[in-house]
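So the structure is just underneath, and the comments pick up after that.
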Amino acid sequence: MADFIDRVTIHAAGGNGGNGVASIKREKFKPLAGPDGGDGGNGGSVILEVDLQVTTLLTYHRGPHQKASNGTPGMGDFRQGKNGEDIILPVPDGTVVKSPSGELLADLTGAGERFIVAEGGRGGLGNAALASKARKAPGFALLGEPGEERDVVLELKSVADVALVGFPSAGKSSIIAAMSSARPKIADYPFTTLIPNLGVVQAGDERYTIADVPGLIPGASSGKGLGLDFLRHIERCGVIVHVLDTAAYESEREPLSDLKTIEAELAAYQGDLGQIEGYVPLMERPRVIVLNKVDVPDGRDLAEITRPELEQFGWPIHEVSAVTHEGLKDLSFTLAALVKKHRESLPERQARPVIRPKAVGSRDTVTVARVQMDGEEVFQVRGDKPERWVRQTDFANDEAIGYLADRLAAAGVEDQLMKAGAFAGDTVVIGPLDTGIVFDWEPTLTTGPELLGQRGTDLRINQSARPTRKQKREIHHQVMDAKTAAREELWTERQKGVWTDPNSEN
């Protein structure tokens, strides 16, 4: 099992809210002292939090399913249910949260940054909280809401000031080892580095971090080699350093062609941090050219030959040797100056919450539209409040259904249904067509204490004389059966030859 994972998919589920309880307080000499049902507890949430001690997403590669605990139900005597505990998932600094479709949801940088992946459901209200002048002793309570379920993709993008890019075996890891205290694996074969290495460099009063991108080769931006997996680690870097091998063994390679190839791969790479304020496009960032391995005689000669051609790019050029440390001090101060300039150009860091997708309209907006469902025209009601109220309703309790009808009428749902052309008996769906609540609409009568029967019932539920959807189907089938029987009877008489005499007076 690998010990470095920088991309995982998490299946998160918030805890369900606890149900409220319907209870009546009973005391000595006071058998019915009023409602005392408590509220259910809220479900726990699944939360991502930046932890500077975490450097990999390996934990979630092994355990991608994360679920918070549920809230407990309320109890009598005004006792509230216990809230479910949140799950805090530590992630490395620089973690990007995306939807499965690739939409950027959050950019987590800085210790303590948080993002709620899946919210816990709200606890249902007990009948004590639902009591009013009209309903002094409600015989129902609200159900707890289910927790949110969500899949998100986590990608780790290294938070480094300087990125070293180049072909395999160009000496990137050796340079990091020589300039910092990092000790990456170094060997004389390609693709020795399989994970990004990070080191800290001190140049005078300036301190900055430096990282390398393993294994860039032609076609890396389209998935060849290791580059596609690790190009994301240079998206935050302020300075890009091209490490060119002046002592390459391949005869067809030389520093100028290597530089052009890597630049083409950087230009072809499509990052996803462009939505972040202050983001500088990858191709607009300052560059530095490093001609490595000048300690080799042929390497120094090749560096001197190609230097005039490389100067045409207008970038600083340094001839260095990771083995003898030649030129590394000057390189460190050049990078320090560029990093300082980059930091000064950044906007002032404020409290950076997460990036959330823009909502379409307000969450409180209620819409009614005519749609087709199973070949039948229905009226679909969408909105945060109506859908939440439906989830909280106990449809086994008539009084709870009447309370839902009152809430929908007060929110203007019935007015919108009338404007949309709905009539009594039409089919209405609240929520998605596949999972929403389907019912035959009956305009709500004005509520009042006189319409309430015993606890747990609502007289309006049984007042409607209009046929239900099931009854209308039965009537339709009866009519069709009667028509079929009449046709069969006429056909039987015709077959028997029962004819009338045209000359008969009758």
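Looking at Val381, Val368 in this structure, which one is open to solvent by less than 20 Å² (accessible area, probe 1.4 Å) and free of Cβ contacts under 8 Å to residues at least 60 places away in the same chain?
Val381
Yes or no: the range 142-156 includes at least one residue that is modelled with pLDDT of 90 or more, in contact with a strand residue (DSSP E or B) (Cβ under 9 Å, 6 or more places away or on another chain), buried (at least 23 other Cβ atoms within 10 Å of the Cβ) and farther than 30 Å from Cys237 by Cα.
Scanning the range 142-156, I find at least one residue that is modelled with pLDDT of 90 or more, in contact with a strand residue (DSSP E or B) (Cβ under 9 Å, 6 or more places away or on another chain), buried (at least 23 other Cβ atoms within 10 Å of the Cβ) and farther than 30 Å from Cys237 by Cα, so the answer is yes.
Taking Met373 as the residue in question, decide whether it is among the aliphatic types (A, V, I, L, M), open to solvent by 20 Å² or more (accessible area, probe 1.4 Å) and over 30 Å from the mean Cα position of the chain (by Cα).
No.
Could you list, in sequence order, all residues of the range 314-336 that are loosely packed, with under 15 Cβ neighbours inside 10 Å and over 17 Å from Ala177 (Cα atoms)?
Gly314
Given (1) closer than 30 Å to Gly37 by Cβ; (2) polar (S, T, N, Q); (3) surrounded by 11 or more Cβ atoms within 10 Å (Cβ to Cβ); (4) modelled with pLDDT of 60 or more, where does Ser464 come up short, assuming only one miss?
Here Ser464 meets the rest and fails (4).
Just to be sure before I move on: is Gly124 at positive phi and either of a type in the set (Gly, Ala, Ser) or surrounded by fewer than 17 Cβ atoms within 10 Å (Cβ to Cβ) (or both) in the structure I sent?
Numbers: at positive phi: no; either of a type in the set (Gly, Ala, Ser) or surrounded by fewer than 17 Cβ atoms within 10 Å (Cβ to Cβ) (or both): yes.
No: the conditions fail for Gly124.
Return a yes/no flag: does the range 6-17 have any residue that is over 17 Å from Val117 (Cβ atoms) and assigned to a loop (DSSP other than H, G, I, E, B).
Within the range 6-17, one or more residues are over 17 Å from Val117 (Cβ atoms) and assigned to a loop (DSSP other than H, G, I, E, B).
If Gly271 satisfies all but one of (1) open to solvent by 20 Å² or more (accessible area, probe 1.4 Å); (2) modelled with pLDDT of 70 or more; (3) small (Gly, Ala, Ser), what's the number of the condition it fails?
If we test Gly271 against (1) open to solvent by 20 Å² or more (accessible area, probe 1.4 Å); (2) modelled with pLDDT of 70 or more; (3) small (Gly, Ala, Ser), just (2) comes out false.
Can you name the number of the only condition in (1) in contact (Cβ under 8 Å) with a residue 12 or more places away in the chain; (2) touching a strand residue (DSSP E or B) at 6+ places or on another chain (Cβ under 7 Å); (3) open to solvent by 20 Å² or more (accessible area, probe 1.4 Å); (4) among the hydrophobic types (A, V, I, L, M, F, W, C) that Ile5 fails?
Among (1) in contact (Cβ under 8 Å) with a residue 12 or more places away in the chain; (2) touching a strand residue (DSSP E or B) at 6+ places or on another chain (Cβ under 7 Å); (3) open to solvent by 20 Å² or more (accessible area, probe 1.4 Å); (4) among the hydrophobic types (A, V, I, L, M, F, W, C), Ile5 violates only (2).
For the range 215-265, which positions are of a type in the set (D, E, K, R) and modelled with pLDDT under 80?
Within the range 215-265, Lys224, Asp229, Arg232, Glu235, Arg236, Glu250, Glu252, Arg253, Glu265 meet the criteria.
Please go through the range 473-503 and pick out each residue that is modelled with pLDDT under 85, open to solvent by less than 100 Å² (accessible area, probe 1.4 Å) and of a type in the set (S, T, N, Q).
Residue satisfying the conditions is Thr492 alone.
The values are calculated or read from the model by the stated rules, or taken from the named source; none is laboratory data. The model shown is predicted, which means the values in this text are computed figures rather than measured ones. We place every Cβ from the backbone using ideal geometry, glycine too, and count neighbours over all the protein chains shown. Accessible surface areas use protein heavy atoms only, side chains included; no ligands, DNA or RNA. Shrake-Rupley method; radii C 1.70, N 1.55, O 1.52, S 1.80 Å.
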